[in-house]
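Engineer: Below you will find the structure I want to go over with you.
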Amino acid sequence: MPEPLPVAFEPFSEEHQAFRRTVRDFCEKELAPHAREWDEKGEFPRELFRRFGDMGFLGIRHDPAWGGSGLDYWYVVAYAEELVRSRNAGVGTGMLVQGEMATPIIGDLGTDEQKREFLAPALRGEKVAALAISEPDAGSDVAAIRTTARADGDDLVVNGSKMWISNGTRADFVTLAVRTGEEGYGGISLVTFPTDAKGFSVGKKLEKVGNLSSDTAVLYFDDCRIPRRYLLGEENQGFFHILTGFQGERLVAAVTAVAASQLMLEDTMRYGQARKAFGRPVASFQVWRHRLAELLSRVEAARWLTYRAADLFNRKQVAVKEISMAKLVACDLAQDVAYDCMQLHGGMGYVTETDVARAWRDVRLLPIAGGTSEIMKEIISKAVGL
Ligand SMILES: Cc1cc2nc3c(=O)[nH]c(=O)nc-3n(C[C@H](O)[C@H](O)[C@H](O)COP(=O)(O)OP(=O)(O)OC[C@H]3O[C@@H](n4cnc5c(N)ncnc54)[C@H](O)[C@@H]3O)c2cc1C
């Protein structure tokens, strides 16, 4: 008798799918109609944080004790997949930074006081959160950060600057990486930093290629005093905490890349069937049918690689290699998808009122932020012993 086939792996239950429909509905009806307007303005309304908080989207996997929903990671996957249907990558970035990047570290490492002061209001969308690790001279090389936090009595005195910080112009607090000890990775700590601290300033909002409605800023710290009890986790262990935090950030980037690719392809198939040239739909030319078939297959492969990483992450298994692979494959693939989808749209693909044109700009960020594709290859090659 042959071995019975394993039960098919279906990550989404009825409850997950019901939640997915709620997110999709909200994104399509309440966000997408404003997508262009917010891009042109270079900002989405701050009230959206409150709205997302009220809907429970900012605390999906967070502890209910602090206002989260305590759900599993597949709800986050469904949420991030549907968020691309807002048609506004800046909103996606802002909200994912808030719920999935700047705050999980506080949930994992923070004291009750930090959770009360920073985490709970962030999950409600009352306080805006940012995660500040990168600096003008240190992006990929996190161990080279130079912003210092010097102990002075019961305080820490912070000096330095941070670069490319999402939610940076309107953050009420920052989950901040600082140097508290020796040079290199062994001297880094994380702190919760309230932006009303004296000496803090926002340098400028950066003009970007895409993600236009997300505010990305340079932050300055000039003799800013914060209480020492705002340290997150153990002093000088920040590098390891950051690497742990990166896993969720990179996984959600992979999920976003797959979902954005899928949406671009759906739009393109629709356009290519309606648009005629030489008496037939442009998508009916074999060159395009084959190109779309190829891309749909690659997206499906990237999706299941990403789901494999999400499954490990959900079960709290070590998934550094799988998450890095998923981020690399999905974010690089989104570039090919965006290029071809724009090409099939012809002239309309170059006009910014077309969704695919804005998606082409927006997905370019994916292989850069949160660890570049080159860094993903470094991690993967080390993980397999190369
Ligand atoms: C829109 C946007 C939003 C962002 N949001 C945030 C945020 O909220 N918080 C935050 O902390 N940061 C944020 N970042 C920063 C982002 O994470 C960094 O830009 C990214 O990690 C790359 O760092 P870098 O720009 O310093 O590039 P560099 O490290 O200077 O790298 C430049 C090039 O060299 C390559 N390279 C570097 N090291 C190696 C190596 N060892 N082997 C091979 N190639 C290598 C890189 O892959 C890249 O191609 C954001 C960036 C952008 C653009």
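Engineer: If the Cβ limit is 7 Å and pairs must be 6+ apart or interchain, which residue in region 36-54 that is in a loop (DSSP other than H, G, I, E, B) pairs with which residue that is aromatic (Phe, Trp, Tyr) and open to solvent by less than 40 Å² (accessible area, probe 1.4 Å)?
Structural biologist: 44/38
Engineer: Can you name the residue in region 337-386 that is of a type in the set (Ser, Thr, Tyr) and away from the ligand (no atom under 15 Å from the Cβ) and is also nearest to residue 324 (Cα to Cα) among such residues?
Structural biologist: That would be 339.
Engineer: Further question: Residues of region 337-354 being over 20 Å from the mean Cα position of the chain (by Cα) and in a helix (DSSP H, G or I), which ones?
Structural biologist: Hits for region 337-354 are 339, 340, 341, 342, 343, 344, 346, 347, 348, 349, 350.
Engineer: For region 46-66, does any single residue satisfy the condition of being closer than 20 Å to residue 193 by Cα and touching a Phe, Trp or Tyr at 6+ places or on another chain (Cβ under 7 Å)?
Structural biologist: Yes, the conditions are met somewhere in region 46-66.
Engineer: Taking residue 162 and the conditions (1) among the basic types (Lys, Arg); (2) within 11 Å of the ligand (Cβ to nearest atom); (3) open to solvent by 30 Å² or more (accessible area, probe 1.4 Å), which numbered condition does it fall short on, given that it satisfies the others?
Structural biologist: Tallying (1) among the basic types (Lys, Arg); (2) within 11 Å of the ligand (Cβ to nearest atom); (3) open to solvent by 30 Å² or more (accessible area, probe 1.4 Å), residue 162 fails exactly one: (3).
Engineer: What's the number of the only condition in (1) within 20 Å of residue 259 (Cα to Cα); (2) outside any helix (DSSP H, G or I); (3) not acidic (Asp, Glu) that residue 93 fails to meet?
Structural biologist: So the condition that residue 93 fails would be (2).
Engineer: Turning to a different aspect of this structure: Please determine, by comparing only the residues of region 120-154 that are of a type in the set (A, V, I, L, M, F, W, C) and farther than 18 Å from residue 98 by Cβ, which one is farthest from the ligand (Cβ to nearest atom).
Structural biologist: 151
Engineer: Going by what's in this entry, would residue 76 be described as over 30 Å from residue 234 (Cα atoms) and hydrophobic (A, V, I, L, M, F, W, C)?
Structural biologist: Numbers: over 30 Å from residue 234 (Cα atoms): no; hydrophobic (A, V, I, L, M, F, W, C): yes.
No, not satisfied.
Engineer: Would you check if residue 184 is under 19 Å from residue 235 (Cα atoms) and open to solvent by 10 Å² or more (accessible area, probe 1.4 Å)?
Structural biologist: Details: under 19 Å from residue 235 (Cα atoms): yes; open to solvent by 10 Å² or more (accessible area, probe 1.4 Å): yes.
Considered against the rule, which asks whether it is under 19 Å from residue 235 (Cα atoms) and open to solvent by 10 Å² or more (accessible area, probe 1.4 Å), residue 184 comes out as yes.
Engineer: Name the residues in region 187-199 that are part of a loop (DSSP other than H, G, I, E, B) and either among the charged types (D, E, K, R) or in contact (Cβ under 8 Å) with a residue 60 or more places away in the chain (or both), would you?
Structural biologist: 196, 198
Engineer: Now, a different point. When the residues of region 368-386 are narrowed to those that are free of Cβ contacts under 8 Å to residues at least 40 places away in the same chain and not hydrophobic (A, V, I, L, M, F, W, C), which ends up least open to solvent (accessible area, probe 1.4 Å)?
Structural biologist: Per the criteria, the residue is 381.
Engineer: Within region 124-138, how many residues turn out to be surrounded by 14 or more Cβ atoms within 10 Å (Cβ to Cβ), touching a Ser or Thr at 6+ places or on another chain (Cβ under 8 Å) and in contact (Cβ under 8 Å) with a residue 40 or more places away in the chain?
Structural biologist: Of the residues in region 124-138, the ones surrounded by 14 or more Cβ atoms within 10 Å (Cβ to Cβ) are 124-125, 127-135, 138.
Subset that is touching a Ser or Thr at 6+ places or on another chain (Cβ under 8 Å): 129-132, 135.
Restricting the remaining residues to those that are in contact (Cβ under 8 Å) with a residue 40 or more places away in the chain gives 129-132.
Residues meeting the conditions: 4.
Engineer: Then there is this: Can you tell me which residues in region 200-232 are in a loop (DSSP other than H, G, I, E, B), surrounded by 19 or more Cβ atoms within 10 Å (Cβ to Cβ) and in contact with a strand residue (DSSP E or B) (Cβ under 6 Å, 6 or more places away or on another chain)?
Structural biologist: Passing the criteria: 214, 215.
Engineer: Being at pLDDT 95 or above and polar (S, T, N, Q) is the filter here; which residues of region 328-353 pass it?
Structural biologist: 335, 343
The values are calculated or read from the model by the stated rules, or taken from the named source; none is laboratory data. Only a predicted model underlies this, so the values are computations on that prediction, with no experimental measurement involved. Note that each Cβ is placed from the backbone with ideal geometry, even for glycine, and that neighbours are counted across all protein chains shown. Note: areas computed on protein heavy atoms with side chains; ligands, DNA, RNA excluded. Shrake-Rupley method; radii C 1.70, N 1.55, O 1.52, S 1.80 Å.
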